[in-house]
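Everything on this sheet refers to the single structure shown next.
The values are calculated or read from the model by the stated rules, or taken from the named source; none is laboratory data. Just so it is clear, the structure is predicted and the values come from calculations on it, not from any experiment. Please note: Cβ atoms are built from the backbone with ideal geometry, for glycine as well, and neighbour counts cover all protein chains shown.
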Amino acid sequence: MAEIWSKLQKGIFIIAEAGKNFIQTEEDRPVEEYLKNAMQLVDEAASAGADAIKFQTHNVEDEQLNINVVSPHFKGSDRYRWVSRNEKATPVDRFWKPLKAHCDKRGIVFFSTPMSRGAAMILDKQVGTNLWKIGSGDILDFVMLDYIRQSGKPIIISSGMSTLEEVETAVKFLREKNERVALLHCVSKYPCPPEDLRLKTIDFYKGRFSMPIGFSDHSIGIEPDLVAVAMGATILEKHFSMSRTLWGSDHKVSMTPEELR
């Protein structure tokens, strides 16, 4: 953990955001196929020199009610089915544990964004993680944040869709019990056009917060990442996929292995 925190503070820490990109077809597939896809992403990220690869972990019981709700992205029932599919695709003993072991073998840091406190407990107690990532949508989920901050492990949070007051509230809450917190500037558009990237926010955050500042990039191409580094970002996170033509919402905004190299 100390080594990871040191890397987050110095140099450039590159995160291949695999997310749910091991799901590549609209129809359900066997767990073994999902694991094979995920391991391929690990291999490609490690070969390209990424420091870490990040996934997403769901626990439907603690995350989503099976009801219809108004949502800009899903009807409630559609969201429930999607979260259920993700959880079914990733059983701990047949997916997460062998995937974590494969990351260790390849020498790349494994971590995963928990989508609820229940998911965080799975990662912490059953899988093993030395680094946390809080997604933009959960920056004020204090139930989950309280569990994560007490682990003592480094924490990265993204600021997409958040006001400055919300970011400051989350940072203060986390640092009350864990000083090892890093913040990523993020714009939650998929893909994000260059004119909306607001990269000067990196400079603003560096002046506002005494912590590592990085960039979670949802744009196409690497030029914004180069600018972010020039502005002082020490962490770069970018979606990562074998191909932008695969089925699923995140593939189209992802960097491919060739581009990561």
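The residue list 63, 87 contains one member that is within 24 Å of residue 190 (Cβ to Cβ), of a type in the set (D, E, K, R) and free of Cβ contacts under 8 Å to residues at least 40 places away in the same chain, which is 87. Contact map, region 1-13: residues that are within 20 Å of residue 228 (Cβ to Cβ) paired with residues that are part of a helix (DSSP H, G or I), Cβ distance under 7 Å, separation 6+ or inter-chain. Pairs shown: 12/229; 13/7. Might you check whether a residue that is at pLDDT 95 or above, among the basic types (Lys, Arg) and not in a loop (DSSP other than H, G, I, E, B) occurs anywhere in region 127-141? Scanning region 127-141 turns up at least one residue that is at pLDDT 95 or above, among the basic types (Lys, Arg) and not in a loop (DSSP other than H, G, I, E, B). Scanning region 45-59 for residues that are assigned to a helix (DSSP H, G or I) and buried (at least 22 other Cβ atoms within 10 Å of the Cβ) returns a single hit, 45. When every residue of region 190-203 is checked against the conditions, none turns out to be of a type in the set (Lys, Arg) and either closer than 17 Å to residue 5 by Cα or modelled with pLDDT under 95 (or both). Taking the listed residues 241, 210, the one that is of a type in the set (Ser, Thr, Tyr), under 18 Å from residue 5 (Cβ atoms) and at pLDDT 95 or above is 210, with no other qualifying.
Here 139, 202 are screened, and the one residue that is surrounded by 14 or more Cβ atoms within 10 Å (Cβ to Cβ), without any contact (Cβ under 8 Å) to a residue 40 or more places away in the chain and within 17 Å of residue 227 (Cβ to Cβ) is 202.
The condition (being touching a residue at least 24 places away in the same chain (Cβ under 8 Å), farther than 20 Å from residue 14 by Cα and surrounded by fewer than 21 Cβ atoms within 10 Å (Cβ to Cβ)) is satisfied by just one residue among 144, 121: 121. Criterion applied to 211, 161, 231, 242 was being under 23 Å from residue 46 (Cα atoms) and surrounded by fewer than 23 Cβ atoms within 10 Å (Cβ to Cβ), and the one residue passing it is 242. Quick one: would you say residue 78 is over 20 Å from residue 249 (Cα atoms) and surrounded by fewer than 22 Cβ atoms within 10 Å (Cβ to Cβ)? Considered against the rule, which asks whether it is over 20 Å from residue 249 (Cα atoms) and surrounded by fewer than 22 Cβ atoms within 10 Å (Cβ to Cβ), residue 78 comes out as no. Return a yes/no flag: does region 6-15 have any residue that is among the small types (Gly, Ala, Ser) and within 18 Å of the chain's Cα centre (by Cα). Checked against the condition, which is being among the small types (Gly, Ala, Ser) and within 18 Å of the chain's Cα centre (by Cα), region 6-15 yields no hits at all.
To keep it simple, each residue is scored yes or no on (1) in contact with a Gly (Cβ under 7 Å, 6 or more places away or on another chain); (2) of a type in the set (Phe, Trp, Tyr); (3) within 18 Å of residue 140 (Cβ to Cβ).
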| position | (1), (2), (3) |
| --- | --- |
| 167 | no, no, yes |
| 170 | no, no, yes |
| 182 | yes, no, yes |
| 185 | no, no, yes |
| 189 | no, no, no |
| 192 | no, no, no |
| 195 | no, no, no |
| 198 | no, no, no |
| 204 | no, yes, no |
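Considering only region 19-44, state which residues are of a type in the set (Val, Ile, Thr), farther than 18 Å from residue 131 by Cβ and assigned to a helix (DSSP H, G or I). Answer for region 19-44, where residues must be of a type in the set (Val, Ile, Thr), farther than 18 Å from residue 131 by Cβ and assigned to a helix (DSSP H, G or I): just 31.
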